[in-house]
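Encoded as structure tokens, here's the structure I'll be asking about.
The values are calculated or read from the model by the stated rules, or taken from the named source; none is laboratory data. All values derive from a computational prediction rather than experimental measurement. Here the Cβ positions follow ideal geometry from the backbone for every residue, glycine too, while neighbour counts run over all protein chains shown.
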Amino acid sequence: MRAGRLQPTPTQRAALDPAGPDMRDIVAYLAFLSRGVTVSPPSAPNARLQKWAAFTADTAAGARVFAASCAKCHGAEGKGDTKMGQKLGCKDFTDAKVQGEMKDDAATKAIKEGLKSADDKTLMKPFETLSDDEIKALVAYVHGLKK
Ligand code: HEC
């Protein structure tokens, strides 16, 4: 092997954005692979690592369903900044205040039974095909979107 081949290629040198969607996908995938394996949270004062340590397979399952069924309105990052999301008034799930006001049972009910506006317009259709476990995973995932 030529010594030169041990040099990193330019693409390997570019660091992934730690807060970007690629990193989120990788973390979700790793969490999925390590499901059932108990890991204690890192002791180092690293908020991001500690947050990731709290991820379970449930969160990974939630990430998958969210990307497929929810992101077109709520946005891949949960910011509600898609065309549909803006039209319907989706809130920013990364906002701590929005998260603080969102209760688990209300979120579960909204996903299961749908959501209507005060003037009876459908904001979100009921997701009747999702199992209770999937909805639980989604609620956990949505909470995890908080920045
Ligand atoms: C057609 C667009 C649309 C789709 C698709 C959609 N939502 Fe919503 N969702 C909304 C709107 C609009 C609201 C009301 C504004 C808000 O709270 O962001 C809402 C509200 C919510 C809330 C907040 C409920 C509360 O109590 O505050 C949760 C949680 C939620 N959606 C989760 C999901 C999940 C999970 C999916 C996918 C399974 C999904 N949504 C798919 C439009 C959508």
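Go through (1) modelled with pLDDT of 65 or more; (2) assigned to a helix (DSSP H, G or I); (3) surrounded by 10 or more Cβ atoms within 10 Å (Cβ to Cβ) and name the single condition Trp52 misses.
(1)
Looking at the structure I just gave you, is Lys87 in contact with a helix residue (DSSP H, G or I) (Cβ under 7 Å, 6 or more places away or on another chain) and at pLDDT 90 or above?
No; evaluated as a whole, the condition is false for this residue.
Given Ala67, Ala118, Ala107, which one is within 8 Å of the ligand (Cβ to nearest atom), out of contact with any Gly (no Cβ under 9 Å at 6 or more places or on another chain) and free of Cβ contacts under 8 Å to residues at least 40 places away in the same chain?
Ala107
Tally up the residues in segment 121-133 that are closer than 22 Å to Arg64 by Cα and more than 9 Å from the ligand (Cβ to nearest atom), please.
Qualifying residue count for the region: 6.
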